[in-house]
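To keep things clear, I will list the structure first and then write my remarks on it.
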Amino acid sequence: MTMALWCVLVAGILPVVAAGIAKWGTVLDNNHPRDWANSLGGYRRRAYAAHHNAYEAFPFFAAAVIVANITDAPQGMVNILAIVFIAARIGYTAAYMADLSTPRSILWAVGWFATIAIFSAGAWA
């Protein structure tokens, strides 16, 4: 299995990690599992927002890796770009939780452009 495909797995886990950070140490009502988010503040609320954004970024990234694989894109380049995506998403989540809006936006853009590059990598081969 390629590194890029392993990165898809990591990208699928990242939203759960962000949600876990948001939930850690809070009291949850399992009868109303989504209502707890309304009471969050500070870094927990931002971690919850990063959780949602990670789910939004995941389908495009996963599709890009699959497209790169079926178009015989240069695997080494795809692997590097997938790692860049994961690093950007981790940095994005950290910047979001730290309330660093400009670095957060830059890291979001890095991940987005890495995904576009992965998706179109087969055309460069």
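Since every read-out is calculated from the coordinates, none of them should be taken as a lab result. The shown structure was predicted, so the numbers you read here are calculated from the model rather than taken from an experiment. Here Cβ is always computed from backbone atoms with ideal geometry, including for glycine, and neighbour counts include all displayed protein chains.
Some notes on this structure:
- Selection from Ala62, Ala50, Trp108, by position along the positive dipole direction of the chain (Cβ): Ala50
- A simple spin-label model places the labels of Ile80 and Phe58 2.9 nm from each other, with each point 7 Å out along Cα-to-Cβ.
- Taking a Cβ cut-off of under 14 Å around Asn53, the surrounding Lys, Arg, Asp and Glu residues balance to a net charge of +3, with basic ones at +1 and acidic ones at -1.
- A full extension of the chain between His32 and Arg45 corresponds to an added length of 2.9 nm, given 0.36 nm per residue minus the alpha carbon distance.
- Loop-located chymotrypsin sites (Phe, Trp or Tyr not before Pro) in the stretch 1-95 (DSSP state not H, G, I, E or B) with no more than 15 neighbouring Cβ atoms inside 10 Å: Trp24.
- Size of charge dipole - the chain - debye, nearest 20, with Cβ of Lys, Arg +1 and Asp, Glu -1, no other charges: 280 debye
- Ordering of 96-103, 115-122 by burial proxy (mean other Cβ atoms within 10 Å per residue, highest first): 115-122, 96-103
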